[in-house]
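A.B. asks: My structure is below; once you've seen it, I'll send some questions.
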Amino acid sequence: MNIRTRFAPSPTGFLHVGGARTALFCWLQARANQGTFVLRIEDTDLERSTPESVQAILDGMQWLGLDYDEGPFYQTDSFGRYAEVVRQLLDEEKAYHCYCSKERLEKLREAQMKEGIKPRYDGKCRRLESVPEGVDPVVRFRNPQSGNVVFDDLVRGRISISNDELDDLVIARPDGSPTYNFTVVVDDMDMRISHVIRGDDHINNTPRQINIYHALGAEPPVFAHVPMILGDDGARLSKRHGAVGVMQYRDDGYLPQALLNYLVRLGWSHGDQEVFSVEEMITLFDIRDVNRKASAFNTDKLDWLNQHYMKELPAVEVAGHLAWHFADQGIDTENGPPLEDVVTVQAERVKTLKEMAAQSRVFFEGYGELDPQAAKKHLRPVAEEPLRAMLENLQSQRDWTPSPLHEVIDRVAADLEVGMGKVAQPLRVALTGSGVSPSIDKTLWLMGKQRSLEGICKALEFIEARIAAL
Ligand code: GLU
């Protein structure tokens, strides 16, 4: 079977976590089976669709690396095709014009509610003898009136709905514009989609859509409805839970690999494995293994995965993402260490790339002012001798890498017969202006020779001024 999946977002907001997970599952199902992944933008709701949302979806997919083989297609480009299929159904009497006014439908609804029956269209216009003047009709699909719609959902199992429960769906509005349940069928049919994977908020639409496939003489695709995502607190995931737009995760300093790994585990598992490279996901993923229960978002786990990938991915790859954060924070990285060296040193010290960039500013810009607390504590008169010795030794130091730099510190401490901390702590403040930084040899390495020497001179001036003021 030729596997063809599609992701079909409505561009009415950013690409949120739930949508991204659906996209990932669709993408994996295609990639796992040498299939084709299609992106279709369902933008027929002209009032709610915006170009910004389209862009946010495209950006989110690109950032996550969910590439599509066909598309993006835009439903607004297919109005002609939808009109043609509406015409076909009308001609074959599988659809009909309905002239019922809003008022009539509202009254009908109220009466049905009063009687305690499920509100549904009563089919009045199915058999119209005369056409009312001056009313623009909707087009309704003539839903079968007996039998059941049965389908085997790959996640939810067998589902059977009686046609009694389905009424005659509006497929085109008075202005001729088509409705979701109709356009989705026409497109999935035309695009020869084999697997419709989507959120289970659409599960009630599926039987109606299957009836439309049959009316069009088409074989329905296989369906898989994936459960929704809940927040840490068990409520439906929403803005309240923090970042819900995919690009917000980039802005907050997450790696796309971490988010993908996180998302794939929301509802899918393979034994008790937690870490999956994209290649492994492709090898192991099968939509049939997706759990039918809702899954809850867990930020701690995402943080854990993020740190895992910051440490384990090739440093140059992480550096590419880190570069974005430096730029975002207005840090010019022209004059400083290679970014992959920053990654190597900092990955285990921070949770996000955003923090990594912020904590690495000093390697590119040096520092303006000494942190008064740290200076007071560590740049005392007793620190003058070790700092002078460091300055002398470092001036002639050629190999500016952590291990020989460490030897210099050890040597100075031994010569002066003091503990290493007596050298390292003042040195750290001299280099970074603060009392916190990676290990001292790595700090020296990343600061580079010139900046290190300048820092030590600045610290010595500070100490001299302090002595002078005594
Ligand atoms: N456009 C629909 C939505 O964003 C999805 C339709 C589908 O996957 O069938 O919810």
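A.B. asks: Can you give the extra length, in nm with one decimal, that the chain gains between R388 and D300 once fully stretched, where that is 0.36 nm per residue apart less the Cα-Cα distance?
C.D. replies: On the way: separation 88, 0.36 × 88 = 31.68 nm, distance 4.53 nm.
The R388-D300 span can extend by a further 27.2 nm.
A.B. asks: If you take the beta carbon distance between K351 and E106 as r and set R0 to 51 Å, what does 1/(1 + (r/R0)^6) give as a FRET efficiency, to the nearest 0.05?
C.D. replies: On the way: r = 54 Å, r/R0 = 1.06.
My answer for the efficiency is 0.40.
A.B. asks: If you check each cysteine of the chain for another cysteine whose beta-carbon is under 4.7 Å away, which ones come up empty?
C.D. replies: C26, C100, C457
A.B. asks: Here is the link list: K376/K458; K239/K311; K376/K422; K351/K458; K311/K449. Which ones come out longer than 23 Å on Cα distance? If you can, show how the numbers build up before the last one.
C.D. replies: Numbers: K376/K458 14 Å; K239/K311 30 Å; K376/K422 14 Å; K351/K458 32 Å; K311/K449 26 Å.
Listed pairs above 23 Å: K239/K311; K351/K458; K311/K449.
A.B. asks: Can you compute the label reach from T401? Point 7 Å from Cα along the Cβ direction, backbone N cut-off under 16 Å, restricted to the range 427-443.
C.D. replies: The answer is 441-443.
A.B. asks: Follow-up. Where nothing but the Cβ of Lys and Arg (+1) and of Asp and Glu (-1) is charged, how large is the charge dipole of the chain around its Cα centre, in debye to the nearest 20? Don't jump to the answer; show the numbers that get you there.
C.D. replies: Numbers: 54 positive and 71 negative charges, 219 e Å.
For this selection, approximately 1060 debye.
A.B. asks: Against the longest principal axis of the chain, how steep is helix 353-365, in degrees 0 to 90 to the nearest 10, with axes from Cα atoms?
C.D. replies: 30 degrees
A.B. asks: May I pose another question? Per residue, what accessible area does the chain have, given a 1.4 Å probe and all protein chains present, in Å²?
C.D. replies: Numbers: 22810 Å² over 470 residues.
On a per-residue basis, 49 Å².
A.B. asks: How many lysine pairs in the range 65-140, separated by 8 or more positions in sequence or lying on different chains, have Cα atoms less than 19 Å apart? Write out the running numbers ahead of the final one.
C.D. replies: Details: K94/K124; K102/K114; K102/K118; K102/K124; K107/K118; K107/K124.
Within the range 65-140, the lysine pair count is 6.
A.B. asks: Under a point-charge model restricted to the Cβ atoms of Lys and Arg (+1) and Asp and Glu (-1), what is the dipole moment magnitude of the range 17-175 relative to its Cα centre, in debye to the nearest 20? Each step should come with its number before you reach the end.
C.D. replies: Details: 22 positive and 29 negative charges, 120 e Å.
Using only the charged Cβ atoms, the result is roughly 580 debye.
A.B. asks: Counting GluC sites (Glu not before Pro) as exposed when in a DSSP loop with at most 11 other beta carbons within 10 Å, what is the longest stretch of the chain free of them?
C.D. replies: On the way: sites that count: E47, E93, E115, E129, E133, E334, E348, E369, E417.
Counting at most 11 other Cβ atoms within 10 Å as exposed, the longest clean stretch of the chain is 134-333.
A.B. asks: Of all the accessible heavy-atom surface of the chain, with the other protein chains kept in place and a 1.4 Å probe, what percent is carbon and sulfur? Could the numbers behind the result be given before it?
C.D. replies: Numbers: 10960 of 22810 Å².
Answer for the chain: carbon and sulfur cover 48 percent of the accessible area.
The values are calculated or read from the model by the stated rules, or taken from the named source; none is laboratory data. On a predicted model such as this, the values are computed, not experimentally measured, just so you know. No Cβ is skipped: glycine too gets one built from the backbone with ideal geometry, and neighbour counts run over all protein chains shown. We work out accessible area using only protein heavy atoms, side chains counted, and drop any ligands, DNA or RNA first. Shrake-Rupley method; radii C 1.70, N 1.55, O 1.52, S 1.80 Å.
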